[in-house]
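To start, the structure itself, in structure tokens.
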Amino acid sequence: MASLEGWGSTIELHPRTPTEALTEVVRRLEVTRRTWCHDDSVHGQPTGPAVLSSATFVAEGDTAAGRIISMTITVRPPRLSDVERLAVVNVETWRHAYAGLVVQEHLDSMDLAEYVDRWRSNITHRVQGRIFLVAESDTEVAAYAIGGPYRPQSEADDTPDTAGLGEVYAVYTDPAMQGRGLGRAVHDALLQRLREEGYAGAALWVLRDNVRSRTWYERQRWRSDGATSDWVSQGVAHPEVRMRRRLSDQ
């Protein structure tokens, strides 16, 4: 059963918001810097290395001025000061990405205050081996990713062995910031961290009917391995499929 944190979906796959001024026809990602440091802490204790990825996105579109838009993305571990923002991204992304895919009663029941508490607990009471990363766009947290060791599911017992796999638990981006590469940036940083933890491969679960997410993952070299499962909410089964990839492919 997939965790409430999600199926590794990315909202980059959804249509642009009506307020977005630029219709993008060309996009190029240039990774200009990637370093490691220990600048994050919880109650004065280091939380682990921060991934600092500076990326410039260049787009050309049909605005009147034909202007070029660039954006800097920084990927790092979350801080306690991020919890309210992360809760908003968490709830808004679920309601946006899973409308029509997840039973509406579940989406309506998502309480922002509860998710603030969850994120505070995620940061202050970290589960061994679990990795949390956020992506900032010009200093505002706009995406997050969660990963760690693979969590066996009894429904998948008849599929290829999953011993020693890592797992992508979640990748989510603020609906207002979709399509700008934030999900890809935090996805790639998470895979890098999993590889550095010693995992040779990883798996993720995605809703069977979430065609856009499945297509996006295929472009990132994820492949379905035939395993299926059901996530049940409000008495309704939501079919999932499992995807896998080698981390050495990154």
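Values quoted throughout were computed directly from the atomic coordinates according to the rules given, and no laboratory measurement underlies them. Quick caveat: nothing in here was measured; it's all calculated off a predicted structure. Reconstructed Cβ throughout: ideal geometry from the backbone, glycine too, with neighbour counts over all protein chains shown.
Before moving on, here are some points about what is shown:
- Note that the range 86-100 has calculated 3J(HN,Hα) couplings of 5, 4, 4, 4, 4, 5, 5, 5, 4, 5, 7, 6, 10, 4, x Hz, one per residue in order, obtained from phi through the Karplus relation 6.51 cos²θ - 1.76 cosθ + 1.60 (θ = phi - 60°); glycine and proline are x.
- Taking the average, over residues, of other Cβ atoms within 10 Å as the packing measure, peptides 78-90, 213-225 rank 78-90, 213-225 from highest down.
- Close amide H contacts of SER224 (hydrogens built in the peptide plane, cut-off under 5 Å, sequence separation of 5 or more or a different chain): ARG244.
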